[in-house]
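Read the structure below first, then the notes.
The values are calculated or read from the model by the stated rules, or taken from the named source; none is laboratory data. No experiment lies behind these values; they were computed from the predicted model shown. Cβ atoms come from the backbone with ideal geometry, glycine included; neighbour counts cover every protein chain shown.
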Amino acid sequence: MRITTFLNHKTLMHQVTRLQAALRPHLGWHGARLGFLAAFLIALLRVKTVNFAELATAFGGKAQTDSHAKRIHRFFRHYTLNTAQIAKAVVALMNIPQPWVLSLDRTEWQFGSCVFNILMLGVVHEGVAFPLVWCVLDKRGASNVDERTELFNEFLFHFGNESVACLTADREFMGKDWFAYLLSEPNTDFRIRIRATDKQG
């Protein structure tokens, strides 16, 4: 049993070291923080949940599970993540080919009395949309043209050098002013679903 535990720990540490080395050129964080992120991501893949208590059980090492849980809480409570930097690291590590197909979507869900309404722009790769930029809307329901253009401008600021094939979106994201914006400054082709009633004979 002890030999098996030792081998599992050794394998886990090897995985953490390899992932830490892969992340280092893209994030530039110091060793301890980068090591935590690598261990956190591997734990995420092992337990397949975002529950911190469960994630703590998959960290391994000599520290107690409770210590790992406190470490996770400290990281997310005190460290401000540069989400654009992380998004750039993801697309670089995945080597997503250009031109990109972008996806604009909105998700709304409720946790207790708190409602989260998130507008998100991602890049589609092998049937999955990977988030690049997003914002939490301070309201319920659909976004407006100002909120969409602000999000798209943020994308252009961080990823403006990337080649874009088109933007895809559901029928929620229609509107003359929004289409005019896409066809003007960013000059971006789009594929947006329309309602059957919007089709012309």
Return only the number of the condition from (1) in the same structural domain as Cys135 (by TED's automatic domain parsing); (2) surrounded by fewer than 16 Cβ atoms within 10 Å (Cβ to Cβ) that Leu102 does not satisfy.
-> (2)
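Do we have Ala43 as in contact with an Asp or Glu (Cβ under 9 Å, 6 or more places away or on another chain), more than 30 Å from Val145 (Cα to Cα) and not β-branched (Val, Ile, Thr) here?
Details: in contact with an Asp or Glu (Cβ under 9 Å, 6 or more places away or on another chain): yes; more than 30 Å from Val145 (Cα to Cα): yes; not β-branched (Val, Ile, Thr): yes.
Considered against the rule, which asks whether it is in contact with an Asp or Glu (Cβ under 9 Å, 6 or more places away or on another chain), more than 30 Å from Val145 (Cα to Cα) and not β-branched (Val, Ile, Thr), Ala43 comes out as yes.
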Any chance you could count how many residues in the range 188-201 are at pLDDT below 90 and in a loop (DSSP other than H, G, I, E, B)?
-> 6
Which residue out of Ala89, Ala63 is within 18 Å of the chain's Cα centre (by Cα) and surrounded by 12 or more Cβ atoms within 10 Å (Cβ to Cβ)?
-> Ala89
Of the numbered conditions (1) more than 19 Å from Pro99 (Cβ to Cβ); (2) touching a strand residue (DSSP E or B) at 6+ places or on another chain (Cβ under 7 Å), Val123 satisfies every one except a single condition; which is it?
-> (1)
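May I ask you to say which residue of Thr49, Thr107, Thr57 is touching a helix residue (DSSP H, G or I) at 6+ places or on another chain (Cβ under 6 Å) and either surrounded by fewer than 16 Cβ atoms within 10 Å (Cβ to Cβ) or at positive phi (or both)?
Numbers: Thr49 fails: touching a helix residue (DSSP H, G or I) at 6+ places or on another chain (Cβ under 6 Å); Thr107 fails: touching a helix residue (DSSP H, G or I) at 6+ places or on another chain (Cβ under 6 Å).
On inspection, the qualifying residue turns out to be Thr57.
Identify the residue in the range 158-182 that is aromatic (Phe, Trp, Tyr) and closer than 16 Å to Leu119 by Cβ and, among all such residues, is nearest to the chain's Cα centre (by Cα). Before you say what the answer is, go through the steps one by one.
If we filter the range 158-182 for residues that are aromatic (Phe, Trp, Tyr), which is where we start, we get 159, 173, 178-179, 181.
The next check asks that each one be closer than 16 Å to Leu119 by Cβ; those that pass are 173, 178, 181.
On the way: Phe173: 21, Trp178: 24, Tyr181: 25 Å.
Ranking the qualifying residues of the range 158-182, first place goes to Phe173.
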Scan the range 63-87 and report the pairs whose first residue is touching a residue at least 60 places away in the same chain (Cβ under 8 Å) and farther than 22 Å from Leu132 by Cα and whose second residue is of a type outside the set (Lys, Arg) and exposed (fewer than 13 other Cβ atoms within 10 Å of the Cβ), with Cβ atoms within less than 6 Å and a gap of 6+ or a chain change.
-> none
